[in-house]
Every structure is written in C-alpha cells, then in structure tokens.
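One structure is given below, encoded as structure tokens.
The values are calculated or read from the model by the stated rules, or taken from the named source; none is laboratory data. Keep in mind that what you see is a predicted model, and the values were worked out from it rather than measured. Reconstructed Cβ throughout: ideal geometry from the backbone, glycine too, with neighbour counts over all protein chains shown. The accessibility values were calculated without ligands, DNA or RNA, using every heavy atom of the protein model including side chains. Shrake-Rupley method; radii C 1.70, N 1.55, O 1.52, S 1.80 Å.
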Amino acid sequence: MSGGAEAGSEAGSERVRIVVEYCEPCGFEATYQELASAVKEEYPDIEIEPRLGGTGAFEIEINGQLVFSKLENGGFPYEKDLIEAIRRARNGEPLEKITNSRPPCVIL
C-alpha cells in the first residue's frame, strides 16, 4: 500500500482528463472558460486542457473518448450533462455521448 495521504482522492475514483477543443476566432473561448469554471467548482482536481480547433469546433473528450461535438450537435453542452459524464468517468462507468445541446448565444 502506498500513498493514502490524500484521503478520498483515490478510493473509488478514476483519474479523469478532459480536453476541450474550441474555435477561438468563433468566440468560443468564453464558453470554454465558463464550462471549465463549472467543472473546477464541482471537481477541483480535474485536469482540463484547452486546445484550439477548427472553424465551428467545440469538442469535448474525457480520457480520450469524444463525449460531445458541437460540429455534430450544433450547440453547446449543458454543464449538468458534462458534470454527469465526469462523475461516470470517475466511477469507472462507461461514457455515453452527450446529445443534449443548448443553442449558441447570439448577442445583437
């Protein structure tokens, strides 16, 4: 037995790594920051890596598995759906693709 100094950090929770690929010229960085902030609030130990993507992209991978694609869904994920996907990943449960999406905001 090694470690154990950080109670609860390893017991029953898998390491989770999130990559969010987004289109910066499209103005999606604010959405990424909002989502990353919500995730960090719920799971402060989660590693989130931003990557610049192609036009219209807002793609989310958890542990290398694509779980959300704006290119496929046409909108952005709801925070609660991403939090649930992270919970499943931490518990070692199979991940499912997030199909719910909110429309992109348009400010006039």
Give the residues of the range 15-43 that are assigned to a helix (DSSP H, G or I), open to solvent by less than 70 Å² (accessible area, probe 1.4 Å) and in contact (Cβ under 8 Å) with a residue 40 or more places away in the chain, sorted by residue number. 31, 35, 38, 39
Quick check: anything in the range 56-77 closer than 16 Å to residue 13 by Cβ, open to solvent by less than 30 Å² (accessible area, probe 1.4 Å) and within 13 Å of the chain's Cα centre (by Cα)? yes
Condition broken by residue 18, with the remaining ones in (1) at pLDDT below 95; (2) in contact with a helix residue (DSSP H, G or I) (Cβ under 8 Å, 6 or more places away or on another chain) satisfied: (1)
Taking the criterion of being farther than 20 Å from residue 100 by Cβ and among the polar types (S, T, N, Q), would at least one residue in the range 63-76 satisfy it? yes
If we keep only residues of the range 44-54 that are over 11 Å from the mean Cα position of the chain (by Cα) and not in a strand (DSSP E or B), then the residue farthest from residue 86 (Cα to Cα) is 54
